[in-house]
Amino acid sequence: MIAPDRLAVFALTAFVLIVIPGPSVLFVVSRALSYGRRAALRTVVGNALGEGVIVVAVAVGVGALVEESVLVFTIMKLVGAAYLILLGIKAIRDRRSLVTLLEPAVAPRTDRRTLLDGVVVGLTNPKSLIFFAAILPQFANRSAGHVPLQLIVLGVIFILIALVSDTAWGIAAGGLRTWFARSPRRLERIGGAGGLVMIGLGTRLALTGRHD
């Protein structure tokens, strides 16, 4: 259904977007710094569940439209590109606010509340929303048919990569706190670099894409 080379490009694109500190990564790191690794890991699981709901919704709804209409695909591509660029600009503009992650929390969270918080973040993460709705469909092969199923497969790959990446961020957060605390500007640089990468991906998305 999906060519290996297309899967490889998709996995690389997903990995780049996932590892850049966005809402999900920053939320996982903040949970780890504030409440410990157990809370961070539950947040990661909750986030994956939330993203799973989006994947299914996109596969069923958007997938059918993309399968039938090149115009819809093109519009979604341009919207996705524009939104990625806007997210990149916002990440650069708000990079100084990332230092608030180093502030300690005052109220504990129950395991259930932590999991639900993760689900909410997964459902409302704008980077994931635009990726699933506007970028994910471009890696499906319209001529092969069964686009909704292809989107589900791609979405599962994205979620698995996110699980590994977010878990690594959560586990490493304790050491990262000390490292960032010595120079908060390091966090700003990461946020700024992430913003530039998103702008680059958005620009590339607008200028390229499938035509099948």
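The values are calculated or read from the model by the stated rules, or taken from the named source; none is laboratory data. This one's a predicted model, so the numbers in the text were calculated from it and none came from an experiment. Quick reminder, even Gly has a Cβ in these numbers, built from the backbone with ideal geometry, and neighbours come from all protein chains shown. With ligands, DNA and RNA removed, areas are computed over all heavy atoms of the protein, side chains included. Shrake-Rupley method; radii C 1.70, N 1.55, O 1.52, S 1.80 Å.
Here the label points at ARG113 and ARG189, each 7 Å from Cα along the C-beta direction, are separated by 3.7 nm in the simple model.
VAL56 to THR124: extension gain in nm, 0.36 nm per residue of separation minus the Cα-Cα distance?
Details: separation 68, 0.36 × 68 = 24.48 nm, distance 1.48 nm.
Additional length available on full extension: 23.0 nm.
Distances between placed amide hydrogens fall under 5 Å for ALA140 paired with no residue 5 or more residues away or on another chain.
Compute the signed sum of charges (Lys and Arg +1, Asp and Glu -1) over the other residues within less than 11 Å, Cβ to Cβ, of PHE27.
Details: positive: ARG31; negative: ASP117, ASP166.
Result for the local shell: -1.
How much length, in nm to one decimal, is gained on full extension between ALA8 and LEU207, taken as 0.36 nm per residue of separation minus their Cα-Cα distance? The span from ALA8 to LEU207 would gain 69.6 nm if fully extended.
If I stretch the segment between ILE89 and ASN141 completely, what's the gain in nm (0.36 nm per residue apart, minus their alpha carbon distance), one decimal?
Working: separation 52, 0.36 × 52 = 18.72 nm, distance 3.10 nm.
That pair, ILE89 and ASN141, stretches by 15.6 nm at full extension.
If TYR83, TYR35 are ordered by their accessible area, calculated over protein heavy atoms with a 1.4 Å probe, which sequence runs from highest to lowest? Present the calculation step by step, with values, prior to reporting the outcome.
On the way: TYR83 85, TYR35 65 Å².
Heavy-atom accessible area, descending, gives TYR83, TYR35.
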